[in-house]
Amino acid sequence: MSDDFLTPDEHVLSTLESDGSRRWLFPRLSRGHYWYLRRIVGFLLIAIFVGLPHLYINGKPSILLDITQREFTIFGYTFLPTDTLLLALLMIGIFLTIFLLTALFGRVWCGWACPQTVYLEFVYRPLERLFLGTSGRGGVPSRKVPAYRRVALYAVYLVLSMGLAHTFLAYFVGVERLSQWVQQSPVEHPGPFLVMGLTTGLMMFDFVFFREQLCLIACPYGRFQSVLLDRNSLIVAYDTLRGEPRGKRKNELPIVSDPVDQKGDCIDCGLCVRTCPTGIDIRDGLQMECVHCTQCIDACDEIMTKINKPTGLIRYSSQDAIEGGKQKFLRPRVIVYPALLAIVISIMVVTFANKKTFDVTLIRGVGIPFSIAQDGHVENALQLKIVNRLETEDRLNVTILPETLQLDIAEEVVLGPKATKTIPVVVIANRSDFQVGKIRATIQIQSTQSSDVRSIECQIFGP
């Protein structure tokens, strides 16, 4: 691929040539205001990604997604399988936040915070430019690259991908267990070693070969933007009113220039295309392939400065504003999304505040709802499934109200750290206490370790 401007006729799609072959992209680097800001944000996010598994809160890892034990620790709080409501609310909150940010700021996630963009643009491509001899400018190398340089580049890619794979694995097994595995033979832990190897292979495939294709083909976010964005959402846009008709500048005096031949501010240099990491022409309007990385803004501002024109021919704006309309910040979706988000957060806070050190689920016995003992008492067979959320052993006292009922427990309720136990219980009642075959009862479970109490309303059946 030539580093010169490519006309639309030379390729079908941004990454597809007219003969069906892949168009490999070597974007030119445009060092501008937004690029420096994105680099700061990118390095900060990389530091957070690498450092989070090593950060402990209340004696627990800040992030630990232990799938085998079905425990998810997020910022010091451990979610168990019984916390499905909290996890569901958390996911809904994340999605609503993405919807709100997209409605306000467009695809700011893709261009500024997505790991694919951050690692590709600030780790892998800089290394590529270093080894291929295009540091500081990017684009296609001006001369043939020796084979040893490419071998060295892929060796560095492999080491880097292995490091990222180990960091990724630390989120699921913890840094302590991971450090033990690293010092042992892979034969002693073949499963995790296979996961690490597979993750390394996937990262090599993605960042070395697939690259921008992940955003264009695999990621669905770009296809969702048609419903997440509106005409007042902030996007990276080309000012057609100011830039058209585009064309090269002639060295003519304003006095003798032909008014009919007046051009817009766009000089059709093609730098915005050559610097785009997905290979699109932003002058064609809003496109699914645009990840809002702002490289075209930095490139265009550089050219406008050189030709003594105001910057901002390509800028952050909205479709309505770029067409001469008025920017509207207050609109239905930016009111509905925060309202829904506030409701979800409120429910999460209330649910979280009511969490105890143990969870209890009442399970009725299989078969007939009650039985009549030889002494004439009515018996209801129940089960209590109890989950201890503490890191220490806990003893639980179980009682029942009203006091006319008796509770027969087969064993003492003692649970180990984070243990789950199902306790069979029998509720005994006098036949004379039943009204219309039912008694409303409350089973109370109290922890001796934390003094937390849970009350379960239930119905005791009888004749």
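Scanning the stretch 1-33 for residues that are of a type in the set (Gly, Ala, Ser), closer than 26 Å to residue 135 by Cα and either within 28 Å of the chain's Cα centre (by Cα) or modelled with pLDDT of 80 or more (or both) yields a count of 3.
Can you find even one residue in the stretch 165-182 that is open to solvent by less than 20 Å² (accessible area, probe 1.4 Å), of a type in the set (S, T, N, Q) and assigned to a helix (DSSP H, G or I)? No: zero hits.
Matching residues to (1) modelled with pLDDT of 90 or more; (2) within 30 Å of residue 22 (Cα to Cα); (3) open to solvent by 60 Å² or more (accessible area, probe 1.4 Å):
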position: 241; (1), (2), (3): yes, no, yes
position: 257; (1), (2), (3): no, no, no
position: 260; (1), (2), (3): no, no, yes
position: 267; (1), (2), (3): yes, yes, no
position: 272; (1), (2), (3): yes, yes, no
position: 275; (1), (2), (3): yes, yes, no
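Among the residues in the stretch 383-390, are any more than 34 Å from the chain's Cα centre (by Cα) and in contact (Cβ under 8 Å) with a residue 12 or more places away in the chain? Yes. Considering only residues in the stretch 131-157 that are without any contact (Cβ under 8 Å) to a residue 12 or more places away in the chain and under 33 Å from the mean Cα position of the chain (by Cα), the one that is surrounded by the most Cβ atoms within 10 Å (Cβ to Cβ) turns out to be 135. With respect to the conditions (1) under 29 Å from residue 343 (Cα atoms); (2) modelled with pLDDT of 90 or more; (3) more than 20 Å from the chain's Cα centre (by Cα), residue 63 falls short on a single one, namely (3). Going by the structure shown, is residue 160 in a helix (DSSP H, G or I) and either free of Cβ contacts under 8 Å to residues at least 40 places away in the same chain or touching a Cys at 6+ places or on another chain (Cβ under 8 Å) (or both)? So residue 160 fits the description; yes. Looking across the stretch 353-382, the residues that are farther than 17 Å from residue 81 by Cβ, open to solvent by 30 Å² or more (accessible area, probe 1.4 Å) and not hydrophobic (A, V, I, L, M, F, W, C) come down to 354, 364, 365, 367, 369, 371, 374, 375, 377, 379. Restricting to the stretch 66-84, count the residues that are more than 19 Å from the chain's Cα centre (by Cα), among the hydrophobic types (A, V, I, L, M, F, W, C) and exposed (fewer than 12 other Cβ atoms within 10 Å of the Cβ). Total satisfying the criteria: 0.
Just one of the listed residues (336, 387) is within 30 Å of residue 92 (Cα to Cα), modelled with pLDDT of 90 or more, β-branched (Val, Ile, Thr) and in a strand (DSSP E or B), and it is 387. The condition of being closer than 28 Å to residue 35 by Cα, modelled with pLDDT of 90 or more and either of a type in the set (Val, Ile, Thr) or within 19 Å of the chain's Cα centre (by Cα) (or both) holds for only one of 111, 93, that being 111.
Here's the yes/no breakdown for (1) touching a residue at least 60 places away in the same chain (Cβ under 8 Å); (2) under 25 Å from the mean Cα position of the chain (by Cα); (3) open to solvent by less than 20 Å² (accessible area, probe 1.4 Å):
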{"position": "289", "(1), (2), (3)": "yes, yes, no"}
{"position": "292", "(1), (2), (3)": "yes, yes, yes"}
{"position": "304", "(1), (2), (3)": "no, no, yes"}
{"position": "308", "(1), (2), (3)": "no, no, no"}
{"position": "315", "(1), (2), (3)": "yes, no, no"}
{"position": "324", "(1), (2), (3)": "yes, no, no"}
{"position": "336", "(1), (2), (3)": "no, yes, no"}
{"position": "346", "(1), (2), (3)": "no, yes, no"}
{"position": "351", "(1), (2), (3)": "yes, yes, no"}
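Apart from one condition, residue 52 fits all of (1) in contact with a Ser or Thr (Cβ under 8 Å, 6 or more places away or on another chain); (2) at pLDDT below 85; the exception is (2). In summary, strands (runs of 3 or more DSSP E) completely within the stretch 1-120 and bearing 1 or more residues that are in contact with an Asp or Glu (Cβ under 6 Å, 6 or more places away or on another chain) and not acidic (Asp, Glu) occur at 11-13, 77-79.
Within the stretch 99-121, the residues that satisfy the criterion of being open to solvent by 20 Å² or more (accessible area, probe 1.4 Å) and in contact (Cβ under 8 Å) with a residue 12 or more places away in the chain are 99, 100, 104, 105, 108, 109, 112, 113, 114, 115, 119, 121. Candidates 418, 356, 328: the one that is closer than 30 Å to residue 100 by Cβ, modelled with pLDDT under 90 and not aromatic (Phe, Trp, Tyr) is 328.
Annotation: residue 60 fulfils all but one of (1) basic (Lys, Arg); (2) touching a strand residue (DSSP E or B) at 6+ places or on another chain (Cβ under 8 Å); (3) open to solvent by less than 20 Å² (accessible area, probe 1.4 Å); the unmet one is (3).
Scan the strands (runs of 3 or more DSSP E) fully inside the stretch 402-456 and keep the ones with 1 or more residues being closer than 28 Å to residue 354 by Cβ, open to solvent by 60 Å² or more (accessible area, probe 1.4 Å) and of a type outside the set (Ser, Thr, Tyr). So the answer is 420-429, 438-447.
The values are calculated or read from the model by the stated rules, or taken from the named source; none is laboratory data. Keep in mind that this is a model prediction, so the values were computed, not measured. When we count neighbours, we look across all protein chains shown, and the Cβ atoms used for this are built from the backbone with ideal geometry, even at glycine. Each accessible area value is taken on the protein alone, full model and side chains, heavy atoms only, with ligands, DNA and RNA left out. Shrake-Rupley method; radii C 1.70, N 1.55, O 1.52, S 1.80 Å.
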